[in-house]
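Visitor: One structure, pasted below without further comment.
The values are calculated or read from the model by the stated rules, or taken from the named source; none is laboratory data. None of these values were measured; they are calculated from a predicted model. Cβ placement follows ideal geometry from the backbone for every residue including glycine, while neighbour counts extend to all protein chains displayed.
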Amino acid sequence: MTAIFETPLYPYARSPDQDALDPVRHPVVVVGAGPVGLAAAIDLAQQGVPVVVLDDNDKVSFGSRAICFSKRTLDILDRLGCGDAAAGKGVQWDTGKVFFGDRRVFEFNLLPEEGHKRPAFLNLQQYHLETYLVDRVRALAAEGRPIEIRGRNHVSALGVYEDFVRLEVDTPEGPYNLDAQWLIACDGANSSIRRMTGQDFIGRAFEDSFLIADVAMEADFPSERWFWFDPPFNRGRSALLHKQPDGIFRIDLQLGRGIDPEEEVKPERVTARLRQMLGARTRFALDWVSIYTFQCRRMDRFVNGRVIFAGDAAHQVSPFGARGANSGFQDVDNLCWKLKLVLDGAAPPALIESYNWERVFAADENILNSTRSTEFITPKSETSRAFRDAVLHLAERRKFARRLVNSGRLSTPSVYEDGPLNGPDDDALPLRNAPGAPACDAPTGDGWLLDRLGGGFRLLAIGTEVPERLEEDGIEVVTLALRADADPRLAKRYLGGAAQAVYLIRPDQHVAARWTGYDEDAVRAALRVATGQGG
């Protein structure tokens, strides 16, 4: 496995931009070739938007890092052309178990209903996902799509102007300049772009330290999430176990405050801790070890003129709940279709402001949930600990108490309630697919709903006839017409008790508006709202 970290996946190659007399201007430049930056580039290129990715590295991330990818992320990966590769390699799971001491308190199923293409979660090391994303970049480039990734291109300076951004880029052969109409900063928690623009985070930092160990072993642990409060092998603290591909298990152990990171990552010390957990007879080997603390904070604004921030560059949360990478994928999924419309002149630049509104809203939701998880897992007072332990004791026997247990409320996509792009709603239709919510998957008789929706604006017509397509101010809406009896699960999720329904779906598959009957004027008005052009 070491070779994957040592082999350049996108090695440095001289670009014609380096020989140009004047800076070459690109529609979009993405800084950062992690999963979020690569996803943004692929999304844009698939829509025909020329994009250049700059990264100061030339290979995948070292260590597994992010591993838990939610159903929403898998749905996005399907549209990016990487879903099957990820699902084929990863460990799929829906079930989590919670332990208190050496007793199992309860278990939960994150996707109890049938009729979804993808599972609730997929465990997959970040380096595998990055590899699939880079492969997709190459495949698009081979098709002639306007996408390029430049390794060992480090952005050292930035000039932000009213209608473009100028970047100074350092390479092994010296610096050069290039311009971007829009710059997307996906360069992580220590974002140099954020620093260059004079931005900072607001929020909280937590002092507890945690040990991450990727452990290679043969074990019969099921494909589930196991979380311990106060386990016998880590008294007074917590532990987490996830199964990954290739016989690798992720183990997180809470260490507490005031630890010496250099001491704690020494192999003999890590091995001793794992031996207490796994037992004397279990054979294992360390694959990767790290110490982390975390913050729950975000930038004040994600849009700063022509510079847009996404992923960890824009916000940070604790790892409990798998909200980091998953929210980053949702960031760029929200952003890229809007950039496409603005670059094409089909929507006003003000549409980009809706990205700031919707994703700041989502970040605040994630930070709130992440902070609550942290406070339950690591209580800061004896009173808080007594409450937590009482809840855990009750949860073993009383169902009502299980709702209070918070071992990391797992990532769910945000619903943009009262969002600026939401159109009218008909409350006769099921609440789960109201405007602002991501469309729920369902069988359609001959496939899966989200696959058939794809990207672009769609008019989902169930049990009623509507025109095959509609155009408003250069924006095309294509109809997906389905019978009301195509599948009972589709009817339950989209009709409820109604006989028919019409949904306007955005390119990121969030519901923009819905009705129980077709009205062309109402659809056109909702489309104008959904593209930032008013009613």
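Visitor: Determine which member of the set PHE100, PHE106 is surrounded by fewer than 19 Cβ atoms within 10 Å (Cβ to Cβ) and touching a helix residue (DSSP H, G or I) at 6+ places or on another chain (Cβ under 6 Å).
Guide: Answer to the check: PHE106.
Visitor: Something else now. Can you tell me which residue among PHE210, PHE164 is within 25 Å of the chain's Cα centre (by Cα) and either among the charged types (D, E, K, R) or in the same structural domain as PHE320 (by TED's automatic domain parsing) (or both)?
Guide: So the residue among PHE210, PHE164 that is within 25 Å of the chain's Cα centre (by Cα) and either among the charged types (D, E, K, R) or in the same structural domain as PHE320 (by TED's automatic domain parsing) (or both) is PHE210.
Visitor: Also, I was wondering about something else. Which numbered condition trips up TYR161, out of (1) in contact with a Gly (Cβ under 9 Å, 6 or more places away or on another chain); (2) surrounded by 14 or more Cβ atoms within 10 Å (Cβ to Cβ); (3) of a type outside the set (Asp, Glu)?
Guide: For TYR161, the exception is condition (2).
Visitor: Now for a different question. VAL30 fails exactly one of the following numbered conditions: (1) out of contact with any Cys (no Cβ under 7 Å at 6 or more places or on another chain); (2) in a strand (DSSP E or B); (3) of a type in the set (Val, Ile, Thr); (4) within 28 Å of ILE212 (Cβ to Cβ). What is the number of that condition?
Guide: Here VAL30 meets the rest and fails (1).
Visitor: Determine whether GLY445 is at pLDDT below 95 and not hydrophobic (A, V, I, L, M, F, W, C).
Guide: yes
Visitor: Run ASN190 past the list (1) polar (S, T, N, Q); (2) surrounded by 14 or more Cβ atoms within 10 Å (Cβ to Cβ); (3) over 27 Å from LEU110 (Cα atoms) and report the number of the one that doesn't hold.
Guide: If we test ASN190 against (1) polar (S, T, N, Q); (2) surrounded by 14 or more Cβ atoms within 10 Å (Cβ to Cβ); (3) over 27 Å from LEU110 (Cα atoms), just (2) comes out false.
Visitor: Moving on to the next point. Given the options LEU449, LEU470, LEU490, LEU459, name the one that is touching a residue at least 12 places away in the same chain (Cβ under 8 Å), closer than 24 Å to ALA347 by Cβ and crowded, with 21+ Cβ neighbours inside 10 Å.
Guide: The conditions single out LEU459.
Visitor: Something else: Testing SER61 on (1) under 30 Å from GLN18 (Cβ atoms); (2) buried (at least 24 other Cβ atoms within 10 Å of the Cβ); (3) modelled with pLDDT under 95, one condition comes back false. Which one is that?
Guide: In the conditions (1) under 30 Å from GLN18 (Cβ atoms); (2) buried (at least 24 other Cβ atoms within 10 Å of the Cβ); (3) modelled with pLDDT under 95, SER61 misses (2) alone.
Visitor: Of a type in the set (Gly, Ala, Ser), farther than 18 Å from ASN123 by Cα and assigned by TED's automatic domain parsing to the domain that holds GLN125: which single residue out of ALA45, ALA66 fits that description?
Guide: ALA45 is the lone residue from the list that is of a type in the set (Gly, Ala, Ser), farther than 18 Å from ASN123 by Cα and assigned by TED's automatic domain parsing to the domain that holds GLN125.
Visitor: A follow-up question, please. On the given criteria, is GLU472 touching a Ser or Thr at 6+ places or on another chain (Cβ under 6 Å) and either of a type in the set (Asp, Glu) or at pLDDT 95 or above (or both)?
Guide: no
Visitor: A further question follows. Of the conditions (1) over 27 Å from GLY32 (Cα atoms); (2) of a type in the set (D, E, K, R); (3) out of contact with any Phe, Trp or Tyr (no Cβ under 6 Å at 6 or more places or on another chain), GLU224 fails just one. Which one is it?
Guide: Among (1) over 27 Å from GLY32 (Cα atoms); (2) of a type in the set (D, E, K, R); (3) out of contact with any Phe, Trp or Tyr (no Cβ under 6 Å at 6 or more places or on another chain), the lone unmet condition for GLU224 is (3).
Visitor: Give the residue that is farthest from GLY90 (Cα to Cα), with candidates limited to residues of the stretch 51-78 that are within 19 Å of the chain's Cα centre (by Cα) and β-branched (Val, Ile, Thr).
Guide: VAL53
Visitor: Considering only residues that are more than 24 Å from ASP521 (Cα to Cα) and either of a type outside the set (D, E, K, R) or touching a Gly at 6+ places or on another chain (Cβ under 7 Å) (or both), which ones fall in the stretch 439-464?
Guide: Once the filter is applied, which keeps residues that are more than 24 Å from ASP521 (Cα to Cα) and either of a type outside the set (D, E, K, R) or touching a Gly at 6+ places or on another chain (Cβ under 7 Å) (or both), the stretch 439-464 yields CYS440, ALA442, PRO443, THR444, GLY445, GLY447, TRP448, LEU449, LEU450, GLY454.
Visitor: While we're looking at this one, here's another question. Can you say whether ARG528 is of a type in the set (Lys, Arg), free of Cβ contacts under 8 Å to residues at least 40 places away in the same chain and surrounded by fewer than 21 Cβ atoms within 10 Å (Cβ to Cβ), as far as the supplied structure shows?
Guide: Answer is no for this residue.
Visitor: Within the stretch 292-320, take every residue that is assigned to a loop (DSSP other than H, G, I, E, B) and crowded, with 24+ Cβ neighbours inside 10 Å and give me the one that is modelled with the lowest pLDDT.
Guide: Looking at the filtered set, the residue picked out is PHE320.
Visitor: Pick from PRO430, PRO443: which is under 19 Å from ARG118 (Cβ atoms), surrounded by fewer than 20 Cβ atoms within 10 Å (Cβ to Cβ) and touching a helix residue (DSSP H, G or I) at 6+ places or on another chain (Cβ under 8 Å)?
Guide: Of PRO430, PRO443, the one residue that is under 19 Å from ARG118 (Cβ atoms), surrounded by fewer than 20 Cβ atoms within 10 Å (Cβ to Cβ) and touching a helix residue (DSSP H, G or I) at 6+ places or on another chain (Cβ under 8 Å) is PRO443.
Visitor: Being closer than 21 Å to ALA189 by Cβ, assigned by TED's automatic domain parsing to the domain that holds VAL98, buried (at least 21 other Cβ atoms within 10 Å of the Cβ) and β-branched (Val, Ile, Thr), is that true of even one residue in the stretch 339-360?
Guide: no
Table: residues versus (1) polar (S, T, N, Q); (2) within 30 Å of ALA41 (Cβ to Cβ); (3) within 29 Å of the chain's Cα centre (by Cα).
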| residue | (1), (2), (3) |
| --- | --- |
| TYR176 | no, yes, no |
| TRP182 | no, yes, yes |
| ALA185 | no, yes, yes |
| MET196 | no, yes, yes |
| GLN199 | yes, yes, yes |
| ASP220 | no, no, no |
| ARG225 | no, no, yes |
| PRO231 | no, no, no |
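Visitor: Which residues, counting only those in the stretch 499-518, are over 26 Å from SER354 (Cα atoms) and either in contact with a helix residue (DSSP H, G or I) (Cβ under 9 Å, 6 or more places away or on another chain) or part of a helix (DSSP H, G or I) (or both)?
Guide: ALA501
Visitor: Same structure again: How many residues does the stretch 201-223 hold that are among the charged types (D, E, K, R) and buried (at least 20 other Cβ atoms within 10 Å of the Cβ)?
Guide: Residues flagged as among the charged types (D, E, K, R) and buried (at least 20 other Cβ atoms within 10 Å of the Cβ) within the stretch 201-223 amount to 2.
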